[in-house]
């Protein structure tokens, strides 16, 4: 067995010189992601959730013809630098929620597009509204030997719990058995999610939902697998034959832009511990926070983790560490193989020599899960505070 790092929710901005994800950086392309960004971040596996776009599929086909990518015998696309690409399709279902189909091959991707051709108005763009319900998309994914996963499940923006239902099982009945994984999203973590009884049967994924190169791997997973292939990643998520998700790495939920309820009238992020569904100013014009939503629908006051639930480790991307300028960042990265290696393994005393005690203290506190944070909400990210201790 080996352990590999993977971020399975990444958006690209353009393919074949045309826009794919409108809100994503045009500089974030397949080539730059596979051959520059993923190695720099330290990712072994990347999930491209815009592969449902005909533009992206055509570029993947070109890269296969040129030899830049090779289809693995057990699924997935292998690059020459060792990065495994998993093609995936994120759509908005008829229920108004975001769902991801992870697919093993180009042929399965083409079949997915054929199904969606008459159910979607523009197949060149990503994350489009589809005339298909969650049950349809589960069935389609299953028929294509793929893996189905609801995206950022607790967020008020298109999350399955955040925007649609208190219980997935109540909505889809026995089909819930085909959901092996859910994506936590940036504003929640394992402790929060495991206050819901229903989540006991799901594997949790922590992914970046990156729309720019800098945000790739702001959340990621550690997979225990035999080799890098779609089959092995799928087995790890399903917990088959010794494969498993060994750890989740993600931002402290307080850093997420939807962590707490936000009042749109007085621009206030709520701080009260109870679920806040209305602002103290009297306004009900609020964006319900992930924390508040979970508090509203939870079954337990404290998390009840199932046996084998992997640890959740709080991490902060280098670019979000206060006081770390481009010169110091370049010095740090020049002596590390990747950003993940730097954040996970580099000795703190060495970081202090290069970047100073303040930066070293924040990274030390991050590894110990003791960061001081100003929470986010209503579309505004939280912030790491500078007064983090070295102790």
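Selection of strands (runs of 3 or more DSSP E) fully inside the range 19-93 by the criterion of at least 2 residues being crowded, with 22+ Cβ neighbours inside 10 Å returns 45-48, 84-92.
Yes/no per residue for (1) farther than 29 Å from residue 261 by Cβ; (2) touching a residue at least 12 places away in the same chain (Cβ under 8 Å); (3) touching a helix residue (DSSP H, G or I) at 6+ places or on another chain (Cβ under 9 Å):
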{"residue": "140", "(1), (2), (3)": "yes, yes, yes"}
{"residue": "146", "(1), (2), (3)": "yes, yes, yes"}
{"residue": "154", "(1), (2), (3)": "no, yes, yes"}
{"residue": "158", "(1), (2), (3)": "no, yes, no"}
{"residue": "171", "(1), (2), (3)": "no, yes, yes"}
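Could you list all residues from the range 324-335 that are surrounded by fewer than 17 Cβ atoms within 10 Å (Cβ to Cβ) and part of a loop (DSSP other than H, G, I, E, B)? It would help to see each step written out before you state the result.
Our first condition is that a residue be surrounded by fewer than 17 Cβ atoms within 10 Å (Cβ to Cβ); within the range 324-335, this holds for 325-327, 330-331, 333-335.
Hits for the range 324-335 are 325, 335.
Here's the yes/no breakdown for (1) in contact (Cβ under 8 Å) with a residue 24 or more places away in the chain; (2) within 30 Å of residue 79 (Cβ to Cβ); (3) in the same structural domain as residue 49 (by TED's automatic domain parsing):
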site: 115; (1), (2), (3): yes, yes, yes
site: 164; (1), (2), (3): yes, no, no
site: 180; (1), (2), (3): yes, yes, no
site: 204; (1), (2), (3): yes, yes, no
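Only residues that are crowded, with 18+ Cβ neighbours inside 10 Å and under 19 Å from residue 135 (Cβ atoms) were counted in the range 96-114, giving 8. Of the conditions (1) out of contact with any strand residue (DSSP E or B) (no Cβ under 6 Å at 6 or more places or on another chain); (2) under 15 Å from residue 227 (Cα atoms); (3) without any contact (Cβ under 8 Å) to a residue 60 or more places away in the chain, residue 57 fails just one. Which one is it? For residue 57, the failing item is (2). Condition first: closer than 25 Å to residue 189 by Cβ and in contact (Cβ under 8 Å) with a residue 40 or more places away in the chain. Now tell me which residues in the range 324-343 satisfy that. Within the range 324-343, 338, 339, 340, 341 qualify.
Residue check: is residue 242 in contact with a helix residue (DSSP H, G or I) (Cβ under 9 Å, 6 or more places away or on another chain), at positive phi and crowded, with 21+ Cβ neighbours inside 10 Å?
Working: in contact with a helix residue (DSSP H, G or I) (Cβ under 9 Å, 6 or more places away or on another chain): yes; at positive phi: yes; crowded, with 21+ Cβ neighbours inside 10 Å: no.
So residue 242 fails the test.
Answer with yes or no whether residue 126 is outside the structural domain of residue 244 (by TED's automatic domain parsing), touching a residue at least 24 places away in the same chain (Cβ under 8 Å) and in a loop (DSSP other than H, G, I, E, B). Taking the combined requirement at face value, the residue does not satisfy it. Name every residue in the range 285-307 that is assigned to a loop (DSSP other than H, G, I, E, B) and touching a strand residue (DSSP E or B) at 6+ places or on another chain (Cβ under 9 Å), in order of residue number. Across the range 285-307, the qualifying residues are 285, 288, 289. Checked against (1) touching a strand residue (DSSP E or B) at 6+ places or on another chain (Cβ under 6 Å); (2) touching a residue at least 60 places away in the same chain (Cβ under 8 Å); (3) under 30 Å from residue 79 (Cβ atoms), residue 236 meets all criteria but (2).
The values are calculated or read from the model by the stated rules, or taken from the named source; none is laboratory data. Keep in mind the model is a prediction, meaning the values are calculated, not measured. When we count neighbours, we look across all protein chains shown, and the Cβ atoms used for this are built from the backbone with ideal geometry, even at glycine.
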